[in-house]
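Here is the structure we will look at, set down as structure tokens.
The values are calculated or read from the model by the stated rules, or taken from the named source; none is laboratory data. Quick caveat: nothing in here was measured; it's all calculated off a predicted structure. Heads up, the Cβs are rebuilt from the backbone with ideal geometry, glycines too, and the neighbour counts pull from every protein chain shown.
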Amino acid sequence: MESGNQKAGLGSIQWWGFSPATDLVQYAPKRDQELNVLLVGPGDIRHLLRTISENPGSKINFYIYEPQVESIARHLLLLLVASEPTGAYSLQNKTALYLDIFGNTLIRPASQSYLLQKSRVLSEMVTDFSYCKKRASFVELDRLKFKDRDLLDDQFVFWRALKDKFMVSQQWDIRQRQYMGSRYDAREGAYDWDLQMALHDRGAKTIMKHEYKSFRSSGVSFSPEENENHESPNRSLSSSKVMGDGRGDKNAYRGYWGDVVVGPYITHGLETDNRELTKLVNGRPSNSSEMIAKYNINELLTKIHSSQSCKFENFSLS
């Protein structure tokens, strides 16, 4: 992939990170003190979840800056998923919900219902700080500008305004055509080439051919649970992009403007503490990135909710 094309393929907003989830405490000079961690444009909450899960009882304050409010909206949504009490959702269901919202352009009915419900909760959180402290005391939004709070609320309103269409499948295909150009007519072979040259040759060998093909062709990265279908547009992946209209005027257009070439597998699907999952068979990985991601998310959530001293600490967004 040429650098110019690759940049176009990555899009103008980052919906997921391009490095594995890391316990950031290991880089702290003194680990027995309260830590303040600044994350600039992480794209998701992978480092936050990994750090919290590996350091029960530690006092850690996360300060996160994102250049676009739509990324902040996603962080808040995924934080709510991760912090749901186990009495409301089993760990298996919560893992499936997290990965569905995190990495799929089309989501299950249960995920769609959750997204609609939590959009109202999040709207109230960004407009009423007293409610925010009651609903999610670990989140601080007071550093957000008033304009950004309004933009966040606009995003949450769009999530539940189903009359405003989000044609993500059509937009995904358009983005792929624009990115691939003349290669689009031979896209099956192009997917294999991109997987080998851009990902496997750089160490991401657990990404299997079938899952990468699913991501590139439809934006659906993680398979549904049994007897469920991906049928609803994942409105948390919508954002606005300012573009010229050909007459010299610039307008904001809502659509899918994120990554269409790498995929969400790197964050949780490459590395794991479970060596059984990374065993090689005839020189090839025995488990897919999806299998590893499901295990890793389940483990993160298990550690967070099983330890009484492992709690969400301050999480400030700007």
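Here are some notes:
- Scanning segment 115-148 for residues that are outside any helix (DSSP H, G or I), touching a residue at least 12 places away in the same chain (Cβ under 8 Å) and over 23 Å from S238 (Cβ atoms) returns F138, E140, D142, R143.
- Within the option set G9, G17, G43, being modelled with pLDDT of 90 or more, touching a helix residue (DSSP H, G or I) at 6+ places or on another chain (Cβ under 8 Å) and closer than 21 Å to R143 by Cβ holds for one residue only, G43.
- Within segment 183-240, if we keep just the residues that are assigned to a helix (DSSP H, G or I) and in contact with a Lys or Arg (Cβ under 6 Å, 6 or more places away or on another chain), the residue that is farthest from F156 (Cα to Cα) turns out to be A190.
- Condition check for A190: more than 30 Å from S119 (Cα to Cα), of a type in the set (G, A, S) and surrounded by 13 or more Cβ atoms within 10 Å (Cβ to Cβ): yes
- Taking segment 198-253 as the range and being surrounded by fewer than 17 Cβ atoms within 10 Å (Cβ to Cβ), modelled with pLDDT of 95 or more and more than 21 Å from S286 (Cβ to Cβ) as the test, only S217 passes.
- Qualifying residues in segment 49-80 (those that are in a loop (DSSP other than H, G, I, E, B) and within 18 Å of the chain's Cα centre (by Cα)) - the one nearest to G17 (Cα to Cα): E66
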